[in-house]
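Following: one structure in structure tokens, then a few remarks.
The values are calculated or read from the model by the stated rules, or taken from the named source; none is laboratory data. Keep in mind that this is a model prediction, so the values were computed, not measured. A quick note on method: Cβ atoms are made from the backbone with ideal geometry, for glycine too, and the neighbour counts reach across all protein chains shown. The area values use the complete protein model at the heavy-atom level, side chains included, leaving out ligands, DNA and RNA. Shrake-Rupley method; radii C 1.70, N 1.55, O 1.52, S 1.80 Å.
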Amino acid sequence: MSHSIDLCDVTLGYGRHPAVHHLNGRIEAGALLAVVGPNGAGKSTLLKGLMGQLKPLDGRITLNGFGVRDIAYLPQLADIDRSFPLPVYDFVAMGLWRQVGLFKRIGAGERGRIEAAIASVGLEGFETRTLGSLSGGQVQRALFARLLLQDARVILLDEPFNAIDAKTAADLLDLIGRWHAEARTVIAVMHDLETVRRRFPQSWLLARELLAAGPTDEVLRAENLLRARRMVEAFDPFAAACDRGAA
């Protein structure tokens, strides 16, 4: 069976008000896909739908050959609570919870994997530091280390390079490249279009609906980007709610 994620006439939203609507498309296994579009285009909403956090208001999302447990999700850096005094080591170790459970003792093998993940993102020596003491780039490195431990077949990244330094972004882009070489499916919400052009072979352009999908150079044409901006600017936030599926 061919592995893919299929969207059939999908509408996603909050309180029955659509944020993105009538999405149709297929994401093949092993894709390295950037999701781009203006602010308010529904990019983060799409990721929440793909990971199962949001149920479609209409249409369906089908995981062909994948299960929900095959998906790992990296939220926006701004959504991470850094006030809780959690050491980097314990934060990264949370990536193993699906494999070892919440209360099982971590053995020598798991400790080796945790240490290797921390080293692979350049955080050796930071194991006992708390998240609140780290820079934004260091927190993002810790998040990527946690993703490494999840060993997921599908990886969803929500604006992974916002508010981090150029060196961290370059290192983490190299890690994404390694995931792609391992035939993992990587879907990333991105704002930096130059990085998308250089590093992501496939793109989806959202503007509350899917305006273009395919090879990045074709999707990111000037006329497509202009149309996307105009569509989002014209969007009516008080549009009528969806009725289908309502109680």
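Once fully extended, how much extra length lies between Ala234 and Ala183, figured as 0.36 nm per residue of separation less the alpha-carbon to alpha-carbon distance?
14.5 nm
Between Trp204 and residues 5 or more places away or on another chain, which pairs have amide H atoms under 5 Å apart, with H built 1.01 Å from N, and which residues are they?
Amide H neighbours of Trp204, under 5 Å, 5+ apart: Ala34, Val35, Val36.
Calculated FRET efficiency, Asn24 and Ile106, Cβ-Cβ r, R0 45 Å, to nearest 0.05?
That pair, Asn24 with Ile106, gives E of 0.55.
Go ahead and run the numbers for FRET between Lys167 and Leu226, Cβ-Cβ distance against an R0 of 45 Å, rounding to 0.05.
Computed FRET efficiency for Lys167 and Leu226: 0.85.
For region 108-246, what is the percent of antiparallel DSSP beta bridges, rounded to the nearest 5?
Working: 5 of 10 bridges.
That works out to approximately 50 percent antiparallel.
For His191, what charge total do you get from the other residues with a beta carbon under 15 Å from its beta carbon, if Lys and Arg give +1 and Asp and Glu give -1?
Net local charge, His191 excluded: +1.
Quick check for you: with a 1.4 Å probe and neighbouring chains kept, what is the accessible area per residue of the chain, in Å²?
Numbers: 12140 Å² over 247 residues.
Per residue, the chain has 49 Å² of solvent-accessible surface.
For Ala31, enumerate residues with amide H under 5 Å from its amide H, sequence gap 5+ or separate chain, H modeled in the peptide plane.
Val186
What is the gain in length, in nm to one decimal, between Ala116 and Asp192 on full extension, counting 0.36 nm per residue of separation less the C-alpha to C-alpha distance?
Values: separation 76, 0.36 × 76 = 27.36 nm, distance 2.97 nm.
Computed gain between Ala116 and Asp192 is 24.4 nm.
Give me the percent of accessible area attributable to carbon and sulfur for the chain, probe 1.4 angstrom.
Taking all protein chains in place, the chain shows 52 percent carbon and sulfur surface.
Per residue of region 36-46, what does 6.51 cos²θ - 1.76 cosθ + 1.60 with θ = phi - 60° give for ³J(HN,Hα)? Whole Hz please, x for Gly and Pro, Karplus curve as stated.
Values per residue, Gly and Pro as x: 10, x, x, 4, x, 7, x, 5, 5, 4, 4 Hz.
Taking Cα pairs under 8 Å and at least six residues apart, what relative contact order does the chain come out at, in percent? If you can, show how the numbers build up before the last one.
Details: 436 pairs, mean separation 71.9, N = 247.
After rounding, I find 29 percent.
Convert each backbone phi in region 18-35 into a coupling constant with the Karplus relation 6.51 cos²θ - 1.76 cosθ + 1.60 (shift: θ = phi - 60°), then list the ³J(HN,Hα) values in order as whole Hz, x for Gly and Pro.
Using θ = phi - 60°, the values come out as x, 9, 9, 9, 6, 7, 10, x, 10, 10, 6, 4, x, 5, 10, 10, 9, 9 Hz.
Enter the Cα centre distance for the pair region 21-58 and region 167-192, rounded to the nearest angstrom.
Cα centres, region 21-58 to region 167-192: 17 Å.
For Ala78 and Asp9, calculate 0.36 nm times their separation in residues minus their Cα-Cα distance, and state this gained length in nm to one decimal.
Working: separation 69, 0.36 × 69 = 24.84 nm, distance 3.07 nm.
My answer for the length gained is 21.8 nm.
So which chymotrypsin sites (Phe, Trp or Tyr not before Pro) in region 39-128 pass both tests, a DSSP loop state and at most 10 other Cβ atoms within 10 Å of the Cβ?
Filter output for region 39-128: Phe103.
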